[in-house]
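Novice: Quick one: the structure is below, and I'll ask about it shortly.
The values are calculated or read from the model by the stated rules, or taken from the named source; none is laboratory data. Computed from a predicted model, the values in this text were never measured in an experiment. Counting neighbours? That spans all protein chains shown, and the Cβs are built from the backbone with ideal geometry, glycine included. These area figures cover heavy atoms from the full protein model, side chains too; ligands, DNA and RNA do not enter into them. Shrake-Rupley method; radii C 1.70, N 1.55, O 1.52, S 1.80 Å.
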Amino acid sequence: MAVDLLLTWQVLGALLIGSIGGVIIGAIPGVGPAVAIAILLPATFTLEPLVGLCLLLGIYGSSMYGGSLPAILINTPGTAVNALTTYDGYPMTKRGQALRALGLAYGASFIGAILSIVLLMLLSPLLAKIAPMFGSREIFLAALLGIVLVIVAHKGQVAVAGMLAGFGILLQTVGMEPVNYTMRFTFGLSWLTSGLDLIVVVLGLFAISQAFQLMVAPDGAPEAKPVTGSMAKAISETWRHKRVAATGGGFGVLMGMIPGVGEFTAQFMSYTVARNRSANPEAFGKGSPEGLVASESANNAVPAAAMIPLLALGIPGEALTAMMLSVFYVHNVVPGPNLFQNELHFVYALYLALLILNVIVILWLLVSSNLLIRLIRIPTRFLGMGILVLSFVGVYSLRNSAVDCLIASVFGVLGLVLRRLNLPAVPIILGMVLGGIMEVKLRSAMAQVNSPLDFVNRPIAALLVLTIAFVVVQSLRNNFREWRQELRGG
């Protein structure tokens, strides 16, 4: 049944465009998958759910492949996630091993991604059995845990991340309240009655702010030399480091399933373990093939794993899956326990799509690396203007509203300010998404709750409350310990 869903020209075409497009977008420094997905979101609302999701999944799952190209060749990560790739990739390029470094990065990415997808396909029947145990209060607590994890994940910026997540929850409450139809925070303005559209905010915070950033930056085009030799032979060398790649893939799966954690944590854990186990740990950061494999295998295992909380509970773990959630809602496909119970074939179709897109990407990279090098040289201001135009077209197409364009511009300025201050924008988006889920589920749960203890009278609810308490206490302990060390050092 899942295969039948995939074997249509629309789905296969979306996969092909998304996977190749994702590599291209990842290879251009300054764009990234968040910007591309934000721009494409309005267009996917008119497509069939699986077609639209395959297009976005293609970009999400393949952009990190492309992002390793400028990271290795010019020491500039194509996506933020590829920052760790520069540690060992660029030193290899300086030693004249650019082809070898690219081959290892592509091969490790492929192994990590395939391992993640296979593991999660095997886990799906188990998730189908666990999902019905989640009622309204469990999903409310899971969404609350997601918010807590997102905040705690921003080490050194926990207070700011908490305030920004709270701001996102506040933004979600603007407009007509869904139960009693009362107005909230509209201040008598008719254009706020329908609330702030998530996609308008996403386009502003990610795409338009990135366009502003590129347009005010000094104009320039990075240089990168062509790569010569057999890419297939370079990729095959990854098999020598299969244990490192498998470990990185495992970390990617574990971290991807936890909302708010994602690629960075998986990468650094994988990288640290690989260095500790290596016979040559001093080479890490100076051009170690093992370090490169550890980094790339971990970050490419995350996208498939990040789909688990999204599909099983309807809870996105980061900005990209939050954007995908809107595609489900537009087509009345509600992620959560019922999806695994009633439409398991749809879930399997998404995982098969991830498998296919990784195969498409690796075949594309065998022949296209030198073609992609030309994309690195696009002038930054030209790129910024292109993103800005596409962003406004996307915003206007949502509701044919000039007001939406103005709102997106305001959030674009806010996003630029956050970038300049090195503050995260992701908590705002997750606050909007998870805040909406928490409000709906809390209201549903209150009909069955007579006291606060009723929230923990079921095993999964009790486990979630204990997990939230543990995460908060552990975070406070770590912060207190760091504060004491600073006092001693001072």
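Novice: Show the residue pairs meeting these rules: Cβ distance below 8 Å; 6+ apart or different chains; first residue within segment 375-396 and without any contact (Cβ under 8 Å) to a residue 40 or more places away in the chain and open to solvent by 50 Å² or more (accessible area, probe 1.4 Å); second residue part of a helix (DSSP H, G or I) and of a type in the set (Lys, Arg).
Specialist: Listed by first residue and then by second, the contacts come to nothing, as the list is empty.
Novice: Closer than 16 Å to Val150 by Cβ and surrounded by fewer than 24 Cβ atoms within 10 Å (Cβ to Cβ), is that true of Leu310?
Specialist: Judged against the criteria, Leu310 is a match.
Novice: Moving to a separate point now. Kindly evaluate Val148 against the criterion of being open to solvent by 30 Å² or more (accessible area, probe 1.4 Å), at negative phi and among the β-branched types (Val, Ile, Thr).
Specialist: Criteria not met by Val148.
Novice: Which condition does Pro77 not pass, out of (1) at pLDDT below 80; (2) touching a Gly at 6+ places or on another chain (Cβ under 9 Å); (3) open to solvent by less than 40 Å² (accessible area, probe 1.4 Å), if it passes all the others?
Specialist: If we test Pro77 against (1) at pLDDT below 80; (2) touching a Gly at 6+ places or on another chain (Cβ under 9 Å); (3) open to solvent by less than 40 Å² (accessible area, probe 1.4 Å), just (3) comes out false.
Novice: Of these, Gly61, Gly66, Gly26, which one is crowded, with 23+ Cβ neighbours inside 10 Å and without any contact (Cβ under 8 Å) to a residue 60 or more places away in the chain?
Specialist: Of the residues listed, the single one that is crowded, with 23+ Cβ neighbours inside 10 Å and without any contact (Cβ under 8 Å) to a residue 60 or more places away in the chain is Gly26.
Novice: Further question on the same structure: Does Leu84 meet the test of being open to solvent by less than 20 Å² (accessible area, probe 1.4 Å) and within 30 Å of Thr272 (Cα to Cα)?
Specialist: Here the answer is yes, as Leu84 does meet what is asked.
Novice: Within segment 435-453, take every residue that is without any contact (Cβ under 8 Å) to a residue 12 or more places away in the chain and part of a helix (DSSP H, G or I) and give me the one that is most open to solvent (accessible area, probe 1.4 Å).
Specialist: Among those residues, the one meeting the criterion is Leu453.
Novice: Somewhere in segment 8-17, is a residue under 27 Å from Val426 (Cα atoms), open to solvent by 20 Å² or more (accessible area, probe 1.4 Å), hydrophobic (A, V, I, L, M, F, W, C) and in a loop (DSSP other than H, G, I, E, B)?
Specialist: Scanning segment 8-17, I find no residue that is under 27 Å from Val426 (Cα atoms), open to solvent by 20 Å² or more (accessible area, probe 1.4 Å), hydrophobic (A, V, I, L, M, F, W, C) and in a loop (DSSP other than H, G, I, E, B), so the answer is no.
Novice: So which of Leu344, Leu354 ends up being touching a Ser or Thr at 6+ places or on another chain (Cβ under 9 Å), open to solvent by less than 40 Å² (accessible area, probe 1.4 Å) and modelled with pLDDT of 75 or more?
Specialist: Leu354
Novice: Which residues, counting only those in segment 58-93, are touching a Pro at 6+ places or on another chain (Cβ under 7 Å), in a helix (DSSP H, G or I) and small (Gly, Ala, Ser)?
Specialist: Result: Gly61, Ser63, Gly67, Ala71, Ala83.
Novice: With the condition kept exactly as written, say whether any residue in segment 431-445 is among the aliphatic types (A, V, I, L, M), at pLDDT below 85 and farther than 30 Å from Phe206 by Cβ.
Specialist: Yes, that holds for at least one residue.
Novice: Answer yes if at least one residue in segment 129-143 is open to solvent by 30 Å² or more (accessible area, probe 1.4 Å), within 26 Å of Tyr351 (Cα to Cα) and aliphatic (A, V, I, L, M), and no otherwise.
Specialist: For segment 129-143, residues open to solvent by 30 Å² or more (accessible area, probe 1.4 Å), within 26 Å of Tyr351 (Cα to Cα) and aliphatic (A, V, I, L, M): present.
Novice: Can you list residue pairs whose Cβ atoms sit under 9 Å apart, with the first residue in segment 238-252 being closer than 13 Å to Tyr271 by Cβ and in contact (Cβ under 8 Å) with a residue 24 or more places away in the chain and the second being open to solvent by less than 20 Å² (accessible area, probe 1.4 Å) and not in a helix (DSSP H, G or I)? Count only pairs 6 or more apart in sequence or on different chains.
Specialist: Val244/Ser278
Novice: Counting only residues that are crowded, with 21+ Cβ neighbours inside 10 Å and without any contact (Cβ under 8 Å) to a residue 40 or more places away in the chain, how many does segment 328-338 have?
Specialist: Residues that pass the stated criteria total 1.
Novice: Could you list, in sequence order, all residues of segment 216-267 that are under 17 Å from the mean Cα position of the chain (by Cα) and either at positive phi or modelled with pLDDT of 75 or more (or both)?
Specialist: Correct list: Gly249, Phe251, Gly252, Val253, Leu254, Met255, Gly256, Met257, Gly260, Gly262, Ala266, Gln267.
Novice: Quick check, is Val160 more than 26 Å from Leu388 (Cα to Cα), at pLDDT 90 or above and among the β-branched types (Val, Ile, Thr)?
Specialist: yes
Novice: Any residue at all in segment 408-424 that is modelled with pLDDT of 80 or more, outside any helix (DSSP H, G or I) and under 30 Å from Val334 (Cα atoms)?
Specialist: Yes: one or more hits.
Novice: Out of Gly52, Gly96, Gly112, Gly107, which single residue is part of a loop (DSSP other than H, G, I, E, B) and not polar (S, T, N, Q)?
Specialist: Residue meeting the stated conditions: Gly96.
Novice: Let me ask something else. Could you check segment 275-295 and list, in sequence order, the residues that are open to solvent by 10 Å² or more (accessible area, probe 1.4 Å), assigned to a helix (DSSP H, G or I) and closer than 16 Å to Thr85 by Cβ?
Specialist: Hits for segment 275-295 are Arg275, Ala283, Pro289, Glu290.
Novice: Here are Ala71, Ala38: which of them is open to solvent by less than 10 Å² (accessible area, probe 1.4 Å), over 26 Å from Gly249 (Cβ atoms) and not basic (Lys, Arg)?
Specialist: Residue meeting the stated conditions: Ala38.
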